[in-house]
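The values are calculated or read from the model by the stated rules, or taken from the named source; none is laboratory data. Computed from a prediction, not measured in an experiment: that's the story for all the values here. Because the Cβ atoms are built from the backbone with ideal geometry, glycine has one as well, and the counts that use them run over all protein chains shown. In case anyone asks, the SASA skips ligands and DNA or RNA and just uses the protein heavy atoms, side chains included. Shrake-Rupley method; radii C 1.70, N 1.55, O 1.52, S 1.80 Å.
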Amino acid sequence: MTALTLAAAQSISIAGDLAGNIARHQRFMQAAAEQGVQLLVFPELSLTGYERGLAAQLAIAPDAAVLQPLRDFAREVGVTAVVGMPIRLTDTSPVLIGALILGADGSLGVYSKQHLHPGEEEAFAPGTGGEPLTIGADTIALAVCADFNHADHAAMAALKGAGIYAAGVLITAKGYDPDTALLQGYAAGHSMVVLMANHGGATGGWESAGRSAVWAPDGSLIAAASGTGNLMVVARRNPLGWTGEVLAVELE
């Protein structure tokens, strides 16, 4: 097996503060680079917080100039980052829940959440997903929260050759056990690594459970955060298999 390092960024978002959250994302990306992370996945709507009521006014085009510094930083530190943002594909398009892929090579990819959670239709329209991304020889499929509640979403990812299924989410304590049982099941059922990046604290009136995690292709747990807070769950693949650790991220 070739070497690969993935990480879930369990970040705490500042409600509606794009500039403040960009700074926090850069700190996580710097910490990831120091650990040799190649792919860093943030929670759902990480750049604004899970703020349904603010989504329409905060929504931007994926290639908006305001995100250029973050794209430049990803290239500078050599980390591909998947960040959450409300997006509009045109000025008159509906608002989508986006996961933007800021490539270490300067590229930009767009994934939009396909399956909305009940109530989200008040602020968002369903998206169309997106193509898997590749890092070296690895194919990574993305999901945003309720996407993974649909078994065919993970099955289609596996069918497209994904060996890694990475989800940015907002999961509360009540939903944690059933949701992670699904994710662990996908890992074992489709023989793929499953990464789940949850919010590190309260957002949009919801109390996140934290406890971001990564599962191996046999369904075994590689690493998981024990609770909330600004943490990074790192999973490393080497010729002997997978190892993991959880690191605190200090915000400056």
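A9 falls short on exactly one of the conditions (1) of a type outside the set (K, R); (2) open to solvent by 10 Å² or more (accessible area, probe 1.4 Å); (3) in contact with a helix residue (DSSP H, G or I) (Cβ under 9 Å, 6 or more places away or on another chain), and that condition is (2).
Name the residue, out of A181, A224, A216, A209, that is under 21 Å from T48 (Cα atoms), out of contact with any Gly (no Cβ under 7 Å at 6 or more places or on another chain) and modelled with pLDDT of 95 or more.
A209
Only residues that are open to solvent by 20 Å² or more (accessible area, probe 1.4 Å) and either in contact (Cβ under 8 Å) with a residue 24 or more places away in the chain or outside any loop (DSSP other than H, G, I, E, B) (or both) were counted in the stretch 110-122, giving 7. Does the stretch 71-89 include one or more residues that are among the β-branched types (V, I, T), modelled with pLDDT of 95 or more, in contact with a helix residue (DSSP H, G or I) (Cβ under 8 Å, 6 or more places away or on another chain) and loosely packed, with under 15 Cβ neighbours inside 10 Å? Looking through the stretch 71-89, none of the residues is among the β-branched types (V, I, T), modelled with pLDDT of 95 or more, in contact with a helix residue (DSSP H, G or I) (Cβ under 8 Å, 6 or more places away or on another chain) and loosely packed, with under 15 Cβ neighbours inside 10 Å.
Here's the yes/no breakdown for (1) farther than 16 Å from P43 by Cβ; (2) touching a strand residue (DSSP E or B) at 6+ places or on another chain (Cβ under 9 Å); (3) basic (K, R):
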site	(1), (2), (3)
A123	yes, yes, no
I135	yes, yes, no
A141	yes, yes, no
A155	yes, no, no
L159	yes, no, no
L170	no, yes, no
D179	no, yes, no
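The residues in the stretch 12-53 that are out of contact with any helix residue (DSSP H, G or I) (no Cβ under 6 Å at 6 or more places or on another chain), among the polar types (S, T, N, Q) and open to solvent by less than 10 Å² (accessible area, probe 1.4 Å) can be counted, and the count is 2. Looking across the stretch 123-155, just one residue is closer than 29 Å to G229 by Cβ and open to solvent by 70 Å² or more (accessible area, probe 1.4 Å), and that is N149. For the stretch 211-223, the set of residues classified as surrounded by fewer than 23 Cβ atoms within 10 Å (Cβ to Cβ), closer than 16 Å to D179 by Cα and out of contact with any Phe, Trp or Tyr (no Cβ under 8 Å at 6 or more places or on another chain) consists of G219, S220, listed by residue number. For beta carbons closer than 9 Å, sequence separation of 6+ or different chains, a first residue in the stretch 50-69 that is more than 22 Å from G204 (Cβ to Cβ) and a second that is surrounded by fewer than 14 Cβ atoms within 10 Å (Cβ to Cβ) and of a type in the set (S, T, Y), the qualifying pairs are A61/T90. Listed by position, the strands (runs of 3 or more DSSP E) enclosed by the stretch 1-108 that each have at least 1 residues that are of a type in the set (S, T, Y) are 4-10, 80-87. Only residues that are assigned to a loop (DSSP other than H, G, I, E, B), under 13 Å from Q114 (Cα atoms) and of a type in the set (A, V, I, L, M, F, W, C) were counted in the stretch 124-155, giving 2. When G106, G136 are checked against the criterion of being at positive phi, more than 13 Å from the chain's Cα centre (by Cα) and touching a residue at least 60 places away in the same chain (Cβ under 8 Å), G136 stands alone in meeting it. Tallying residues that are within 23 Å of A55 (Cα to Cα) and of a type in the set (G, A, S) within the stretch 119-165 yields 8. Looking across the stretch 156-206, just one residue is part of a helix (DSSP H, G or I), within 10 Å of I140 (Cα to Cα) and either of a type outside the set (A, V, I, L, M, F, W, C) or open to solvent by 20 Å² or more (accessible area, probe 1.4 Å) (or both), and that is A158.
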